[in-house]
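Read the figures in this text as sums done on the coordinates, not as results from a lab. No experiment lies behind these values; they were computed from the predicted model shown. Cβ atoms come from the backbone with ideal geometry, glycine included; neighbour counts cover every protein chain shown.
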Amino acid sequence: MNVDVEALIREAGTAGPGRIRAAARLMTIAEGGSGAAVNVLGKLAGAPEPRLVLGLTGSPGSGKSSLVDRLLQHCRAENPDSHIGVIAVDPSSPYSNGAFLGDRVRMMRHAGDPNIFIRSAATRGHIGGLAAGVFGMLKVMGLAGCDIVLIETVGVGQMEIEIESLADLVLIVLAPGQGDAMQFQKAGLMEAGDVFVVNKGDCAGAAEFHAQLMASVRLIDHDRKQRGPDSVRLVSAREDDGIAELLDYLDRRRDAEADRWLARRRTRLGTHLRAAVLELAQRRLEAEWSALADSDPVGRVLRGETGLAELSDALLRHAALNNV
Ligand SMILES: Nc1nc2c(ncn2[C@@H]2O[C@H](COP(=O)(O)OP(=O)(O)OP(=O)(O)O)[C@@H](O)[C@H]2O)c(=O)[nH]1
Ligand SMILES: [Mg+2]
């Protein structure tokens, strides 16, 4: 299938009627991780970016999707013209079928809103490459005029770390009854987060947990991160409590840290472009290697007719000449 990426980019970047469809197609390409995804990323490298990219992570069931839902509601009410993107990273692995449906259901009331893009990115089959796919989607959302993008991931394994390479601010969403502050410290979550959101403030033990966490942040922070006790928020997504204040706080952080964010974004862009270039190069080399199979390269190495370094040089030369 031959897709005219340039035409899609033009369309997604305008206010015309085809904008949403074009952006959706670009996001599908970007997520797919193919050569076309790298192409999209390259063409969007200099595209406008969302004003705010928030990563939400934390243990299963802490209320990330419910919080995203509330944040969407508040953002839309405050600024009816704004566009918002949501990327829900599907934790499904080849071994489980994921619990993603719940996320969709919780955000479904926004699904008909033309100013809100809700997309999922599956971890399945994306080992190592997920962040690149999500970054591509982020760039498309920026192009399509999204002011804010929220990325939800379950805080297990790789993605918890990768979220730092995608978001301006990482929000760790916690709920009372999920362990004490010490455990989070041990799990490394205290290091990864910029903001700690204690959700389910309507439940027993929330206020104590919040106080405990504030004390921990004060203790471990010293001057390492510019977080401060204010970075620990007590909210209830269910009761819509503390959400407006959380948004105000995030805006204040943005204003105060704008320079640092800009530098971080530049680094982030560099990291993802570098990964994309290396991936493209690897694809080419693999194609060359397959083409070389007839000449039995492994046999030649075994017989001592060629060395690995020579083989590698030959591969690079062929790839450059053939320009597949
Ligand atoms: N009491 C209470 N329950 C909440 C609150 N926020 C979410 N919940 C409930 O907690 C459960 C999990 O909420 P989700 O928003 O799906 O949590 P999640 O972190 O997105 O879950 P996963 O995506 O599966 O990791 C649901 O039953 C919600 O109704 C809250 O503020 N108070
Ligand atoms: Mg969820």
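Quick look at the numbers
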| read-out | value |
| --- | --- |
| Rounded to whole Hz, the Karplus (6.51, -1.76, 1.60) HN-Hα couplings of region 236-242, x for glycine and proline | 9, 5, 5, 8, 6, 10, x |
| Table column - 3J(HN,Hα) (Hz), region 50-63, Karplus curve with 6.51, -1.76, 1.60, x for Gly and Pro | x, 5, 9, 10, 10, x, 10, 9, x, 5, x, x, 6, x |
| Under 5 Å, built H, 5+ apart or other chain: amide partners of H83 | D147, I148 |
| Amide H contacts of I151 (H built 1.01 Å from N, under 5 Å, at least 5 apart or other chain) | L54, G55, L56, I87 |
| For V197, distant residues with modelled amide H under 5 Å away | I172, V173, L174, R233 |
| Spin-label model distance (nm) - A47 vs H74, 7 Å beyond Cα toward Cβ | 2.8 nm |
